[in-house]
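The values are calculated or read from the model by the stated rules, or taken from the named source; none is laboratory data. These figures come from a predicted structure and were not determined experimentally. No Cβ is skipped: glycine too gets one built from the backbone with ideal geometry, and neighbour counts run over all protein chains shown.
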Amino acid sequence: MMNYLALILIAFGGGVTVGTATSAFISILQIVPRLTQITNTREKINLYQFTIVISFILSILVYFGDFSLHLPQILTVPIGLICGIFVGLFSSALAEVLNVIPVLSKKLKVKDSLKLIIWSLMGGKVAGALIYWLLLN
């Protein structure tokens, strides 16, 4: 009984931590205000917020539910490629918004070879993914 109570408390604490970090992340980066400013759609701000909430709820249901699409194998390659491109572009955009790369290049004094470093990071990510999915899995 005590084990179940401890597991419930740990899971609840983890959920609260992740939820708080996600909402702080969205708030600090001001995603919704920037989106409305760029697209000139201030009147649709409630729709953007509603879409974010529904997306989180659907993500939770897909992650924890027994969910399967039963797609043909030929479709999984382009879907995986598109998802990988999205994650790569999103992480690059996030790093750029948070000024990680310029600050790091100034601290390490590698401003001249910044292009080579970015290409090396991308190549390493692709090589690691290929090794994992083609050789280890």
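Okay, here's what the table says:
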read-out: Lone qualifier among Ile28, Ile117, Ile54, Ile8 - being modelled with pLDDT under 80, out of contact with any strand residue (DSSP E or B) (no Cβ under 7 Å at 6 or more places or on another chain) and farther than 24 Å from Gly128 by Cα; value: Ile28
read-out: Counted residues, the range 1-43 - those being of a type in the set (Phe, Trp, Tyr) and surrounded by 10 or more Cβ atoms within 10 Å (Cβ to Cβ); value: 2
read-out: Unmet criterion (only one of (1) at pLDDT below 85; (2) loosely packed, with under 10 Cβ neighbours inside 10 Å) for Gln73; value: (1)
read-out: Wholly within the range 28-137, helices (runs of 4 or more DSSP H) carrying at least 3 residues that are within 30 Å of Ala11 (Cβ to Cβ); value: 45-64, 73-97
read-out: Positions within the range 76-99 being among the aliphatic types (A, V, I, L, M), farther than 21 Å from Val18 by Cβ and surrounded by 11 or more Cβ atoms within 10 Å (Cβ to Cβ), in sequence order; value: Ile79
read-out: Scan of the range 103-117 for residues that are touching a helix residue (DSSP H, G or I) at 6+ places or on another chain (Cβ under 7 Å) and over 25 Å from Ile28 (Cα atoms), ordered by number; value: Val110, Lys111, Leu114
read-out: In the range 59-102, the residues that are more than 30 Å from Ile28 (Cβ to Cβ) and within 18 Å of the chain's Cα centre (by Cα); value: Ile79, Gly80, Leu81
